[in-house]
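Notes to accompany the following structure.
The values are calculated or read from the model by the stated rules, or taken from the named source; none is laboratory data. Owing to the predicted nature of the structure, the values given are computational and were not obtained by experimental measurement. No Cβ is skipped: glycine too gets one built from the backbone with ideal geometry, and neighbour counts run over all protein chains shown.
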Amino acid sequence: MFLLVSTEVLAERLHKLYKGKLSIFPKVPIQSHEEFAIWYTPGVASPCREIAKDVDKVHEYTIKGNLVAIVSDGSRVLGLGNIGPEASLPVMEGKALLLKFLADVDAFPICLKASKASEIIETVLRLSPTFGGICLEDIDAPKCFEVLEALNHELDIPVIHDDQQGTAVVVLAALKNALKIVGKRLSDIRSVHLGAGAAGLSVARLLIASGADPSKMILVDSKGILYAGRPGMDRWKEELAGLTNGEGRTGGLKEAMEGADVVIGLSRPGPGVITKEMIESMADDPIVFALANPYPEISPEEALKAGARIVATGRSDFPNQVNNALATPAIFRALLDVRAKGAPIEVFLAAADVIAQYAEEKGLKEDFIVPNIGDEELYAREASALVEVAVRKGIARLRVSPEEEYERVVSRIKRLREAHRIMITSSIIPHIPIIQEAKEGI
Ligand code: NAD
């Protein structure tokens, strides 16, 4: 049925038909209307009093313990740009759907009419009592850096910007495995980071935290190579410009890529941003991550033809898809389960390790360096490793053992999938109808 129309047409028709992708459904039994005396007034006063006495109990008595706000102002949405809060809602619903389906995290989209960082910060602070975690999405740089920093400082729940940290985790995992294949070490490689925005800067920071040598890294943005003292940089670029580019190169991408082992593109849709000649100028066994969406900076075919040994993109229709969904759902699962007070960098480093190891166990090859989002066990493995990190880092309000977490995550995902399957087979969730593309004249 899907073959009858393009994905775009199908997506437009089905979003309209289902009127969005999420709904709120009771999770308590209600056998008679009298039971509302328990779930609502007068009974509800009792849990309210418990929470008023000890605010931490809100995690035990309410939805907060499993609820994440997906917050965006719609200022830099996927490949769509600044489309505003309303137009970004389908994307935020989609992210919530992924968190639910992959890790049984209840997530709710919050699209804000706000243009300044201070407005977003203020609003999220005021909303925070309801949520166990905040997932920032599609907020443009450098505003997103300011928002993340301030919320992390002010809030005692995990705040993650998926485009920054989610991307960085999966890029690091993919890079670790690519380096195993070509026999190079992270600490030795010369890497070029094309794009110094939300994703690019966060990837550079996580690679450095994982042992990459910053002096061997070169960052490039639309104005060329970043170097210390380059005029017109924000403080986040300045910080990395001061650490990287040990040789003090200047110029553009062409100059940056000569002799590089790795190029990581998180810049603007291609093709033509990275050229064949640039790849030919790299060191032996070049690793090319062309991650711009929806079109990679260079097509995988062209990159391979130019001599790239390993190519990754952000797309599901090519091998080696760098997909944040491999990271963020399980990270939130673990952090919610220990009622974490934050999300330190060690959590992201550990998530990258688990993702890399999981793919390695399945057998690494040039066209398999990261798992697929359908690899169900991955999420339980990640969450189980991350609860241990959270306890070790002192951010866990609850102690949960890795073994306990693994079993819990496996069983809650199984239960969720079973409930979803029953709702589909019993037509509570209507089946997808056959849709044919209307052609002119028909
Ligand atoms: P951003 O707008 O914050 O940053 C873009 C950066 O690219 C800026 O520094 C800009 O100066 C630079 N840039 C633009 N054109 C350039 C050019 N021709 N040469 C060099 N630099 C150039 O955006 P972002 O959120 O960091 O995302 C960047 C890209 O990466 C987007 O295409 C996005 O879809 C993609 N992305 C992919 C994944 C994934 O998992 N595959 C994840 C996050 C972002």
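Only one of the numbered conditions (1) assigned to a loop (DSSP other than H, G, I, E, B); (2) farther than 29 Å from Pro142 by Cβ; (3) under 29 Å from the mean Cα position of the chain (by Cα) is violated by Asp56, and that is (1).
Report, by residue number, each residue of region 318-350 that is within 13 Å of the ligand (Cβ to nearest atom), more than 15 Å from the chain's Cα centre (by Cα) and not polar (S, T, N, Q). Result: Phe318, single match.
Table: residues versus (1) within 23 Å of Ala292 (Cβ to Cβ); (2) touching a helix residue (DSSP H, G or I) at 6+ places or on another chain (Cβ under 7 Å); (3) within 11 Å of the ligand (Cβ to nearest atom).
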position	(1), (2), (3)
Gly133	no, yes, no
Pro142	yes, yes, yes
Pro158	no, yes, no
Asp163	yes, yes, yes
Gly166	yes, yes, yes
Gly200	yes, no, yes
Ala209	no, yes, no
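Among the residues of region 146-153, some residue qualifies, meaning at least one is within 19 Å of Pro344 (Cβ to Cβ), in contact with a Leu (Cβ under 9 Å, 6 or more places away or on another chain) and within 16 Å of the ligand (Cβ to nearest atom). Residues that are on the phi < 0 side of the Ramachandran plot and of a type in the set (D, E, K, R) were ranked within region 259-289; the one that is surrounded by the most Cβ atoms within 10 Å (Cβ to Cβ) is Asp261. For Gly74, state whether it is within 24 Å of Ala419 (Cβ to Cβ) and either outside the structural domain of Val338 (by TED's automatic domain parsing) or out of contact with any helix residue (DSSP H, G or I) (no Cβ under 7 Å at 6 or more places or on another chain) (or both). Judged against the criteria, Gly74 is not a match. The lone criterion from (1) among the hydrophobic types (A, V, I, L, M, F, W, C); (2) out of contact with any Asp or Glu (no Cβ under 7 Å at 6 or more places or on another chain); (3) more than 13 Å from the ligand (Cβ to nearest atom); (4) not assigned by TED's automatic domain parsing to the domain that holds Pro129 left unmet by Ile189 is number (2). Considering (1) within 11 Å of the ligand (Cβ to nearest atom); (2) at positive phi, the lone condition that Gly229 does not fulfil carries the number (1).
For Gly248, the stated conditions hold: it is without any contact (Cβ under 8 Å) to a residue 40 or more places away in the chain, more than 27 Å from Phe348 (Cβ to Cβ), over 22 Å from the mean Cα position of the chain (by Cα) and not in a strand (DSSP E or B). Screening Val28 with (1) at pLDDT 95 or above; (2) surrounded by fewer than 10 Cβ atoms within 10 Å (Cβ to Cβ); (3) part of a helix (DSSP H, G or I) gives one miss only, at (3). Close Cβ contacts (under 8 Å, 6 or more residues apart or on different chains) running from residues in region 338-353 that are in the same structural domain as Arg381 (by TED's automatic domain parsing) and surrounded by 24 or more Cβ atoms within 10 Å (Cβ to Cβ) to residues that are among the charged types (D, E, K, R) and part of a helix (DSSP H, G or I) comprise Ala351/Glu382; Ala352/Lys176.
Before we move on, is Pro47 of a type outside the set (A, V, I, L, M, F, W, C), exposed (fewer than 13 other Cβ atoms within 10 Å of the Cβ) and assigned by TED's automatic domain parsing to the domain that holds Cys135? Spelling it out, it is not the case that Pro47 is of a type outside the set (A, V, I, L, M, F, W, C), exposed (fewer than 13 other Cβ atoms within 10 Å of the Cβ) and assigned by TED's automatic domain parsing to the domain that holds Cys135.
Of the residues Leu127, Leu102, the single one that is within 16 Å of the ligand (Cβ to nearest atom) and over 19 Å from Ala198 (Cα atoms) is Leu102.
Filter region 98-118 for residues that are in contact with a strand residue (DSSP E or B) (Cβ under 8 Å, 6 or more places away or on another chain) and either part of a helix (DSSP H, G or I) or aromatic (Phe, Trp, Tyr) (or both) and give the result. Hits for region 98-118 are Leu99, Lys100, Phe108. The residue that is surrounded by the most Cβ atoms within 10 Å (Cβ to Cβ), among those in region 313-330 that are outside any loop (DSSP other than H, G, I, E, B) and in contact with a Pro (Cβ under 8 Å, 6 or more places away or on another chain), is Leu326.
For region 418-425, check the following and say yes or no: at least one residue is of a type in the set (D, E, K, R), modelled with pLDDT under 95 and either on the phi > 0 side of the Ramachandran plot or outside the structural domain of Asn177 (by TED's automatic domain parsing) (or both). For region 418-425, residues of a type in the set (D, E, K, R), modelled with pLDDT under 95 and either on the phi > 0 side of the Ramachandran plot or outside the structural domain of Asn177 (by TED's automatic domain parsing) (or both): absent. Consider Arg339 against the criteria (1) touching a His at 6+ places or on another chain (Cβ under 7 Å); (2) assigned to a helix (DSSP H, G or I): it satisfies all of them except one. Which criterion is unmet? With respect to (1) touching a His at 6+ places or on another chain (Cβ under 7 Å); (2) assigned to a helix (DSSP H, G or I), Arg339 is out only on (2). Scanning region 291-310 for residues that are within 16 Å of the ligand (Cβ to nearest atom), aliphatic (A, V, I, L, M) and not in a loop (DSSP other than H, G, I, E, B) yields a total of 2. Taking the condition more than 16 Å from the ligand (Cβ to nearest atom) and in contact (Cβ under 8 Å) with a residue 40 or more places away in the chain, does Asn177 pass? So Asn177 fails the test.
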